[in-house]
Amino acid sequence: MINNIKFGIKIKTQEFHLLPEIYENLDKIDFIEVLISPYYTFDELEVIKNFKLPYSIHFPHLTEKIDFGNAQQEQFNQKFLEKFNSSKKLFDQLSPLCYIIHPESGDVQLSIKNIKRLRIKPLAIENMPYKFASGGTRLAHVPEAINPFFENIPGLEFCLDLNHAVKTAVCESLDYIELIEEFIKLKNPIHFHIADGNLSSEFDEHLAIGKGNYDISRIKNILLDIKSIVNLTFETPRRNTDNISDDLNNIKAFIES
């Protein structure tokens, strides 16, 4: 941790084999963010429950056909929601920093309706990049587009994805530093995501820190100015899925930026 910033790395439930190395680096890693699949098992939840570090839980999203605002994906949305609600007693035994959810694409009201079915706290909505690489746009990409979720879902918290904010700014010809600051003014985030990227691309890239041309130093200074704890997950590439050397290098590059 530097000042108010706590560093987290992201793993999937299929990557629990990385836990021993994570625990060997407690001087560099403050928490774990774990992405669960729609097909999570009770055994996986038990492993998460016994993590030796604080943790956040990211619910499945579009890459696994969960798109809460898309009526064409409702079969997958409802199947996941039914499974979640049938196992909610197990989730109630967990104590994450927060649960993170994507609003994804489509209809705002349908997305809100589905997210409301996740009756668990603290639940944090993540801002989206504006454009899909495959075509189409997403919800909650700017402050005025994410605000209806806060207005209609009691107690909803905020996960600010800095990379998504930059990509939206590129799409909309906005100043990305100003957009990040506007998001923070709208609602104090309890969780953050970071990656690097190219300002010439409108689409989500998730590059290693220093491999793009974002002004990481300015972004870091914005985070350092926040008066509360900043839980910052590095959503950067892990070239070798058998170790966390890339994660540690990205944390180091951020600190030195």
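The values are calculated or read from the model by the stated rules, or taken from the named source; none is laboratory data. On a predicted model such as this, the values are computed, not experimentally measured, just so you know. Here the Cβ positions follow ideal geometry from the backbone for every residue, glycine too, while neighbour counts run over all protein chains shown.
The table below lists the values:
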{"quantity": "Whichever residue in the range 201-257 is within 16 Å of PHE7 (Cα to Cα) and of a type in the set (Phe, Trp, Tyr) and, among such residues, is surrounded by the most Cβ atoms within 10 Å (Cβ to Cβ)", "calculated": "PHE234"}
{"quantity": "Evaluation of LEU53 against (1) of a type outside the set (Phe, Trp, Tyr); (2) part of a loop (DSSP other than H, G, I, E, B); (3) crowded, with 17+ Cβ neighbours inside 10 Å (one fails), failing number", "calculated": "(3)"}
{"quantity": "Those helices (runs of 4 or more DSSP H) lying entirely in the range 146-234 with at least 1 residues in contact with a helix residue (DSSP H, G or I) (Cβ under 6 Å, 6 or more places away or on another chain) and among the small types (Gly, Ala, Ser)", "calculated": "162-172"}
{"quantity": "From the options LYS79, LYS28, residue that is assigned to a loop (DSSP other than H, G, I, E, B), at pLDDT 95 or above, surrounded by fewer than 21 Cβ atoms within 10 Å (Cβ to Cβ) and basic (Lys, Arg)", "calculated": "LYS28"}
{"quantity": "Candidates PRO129, PRO148 - the one that is touching a Ser or Thr at 6+ places or on another chain (Cβ under 7 Å), on the phi < 0 side of the Ramachandran plot and crowded, with 16+ Cβ neighbours inside 10 Å", "calculated": "PRO129"}
{"quantity": "Subset tally (residues that are of a type in the set (S, T, N, Q) and in contact (Cβ under 8 Å) with a residue 60 or more places away in the chain) for the range 205-257", "calculated": "5"}
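Here is a yes/no grid of residues against (1) within 30 Å of ILE219 (Cα to Cα); (2) of a type in the set (A, V, I, L, M):
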position	(1), (2)
ILE5	yes, yes
ILE11	yes, yes
HIS17	no, no
ASN25	yes, no
PHE42	no, no
LYS49	no, no
SER56	yes, no
GLN75	no, no
SER87	no, no
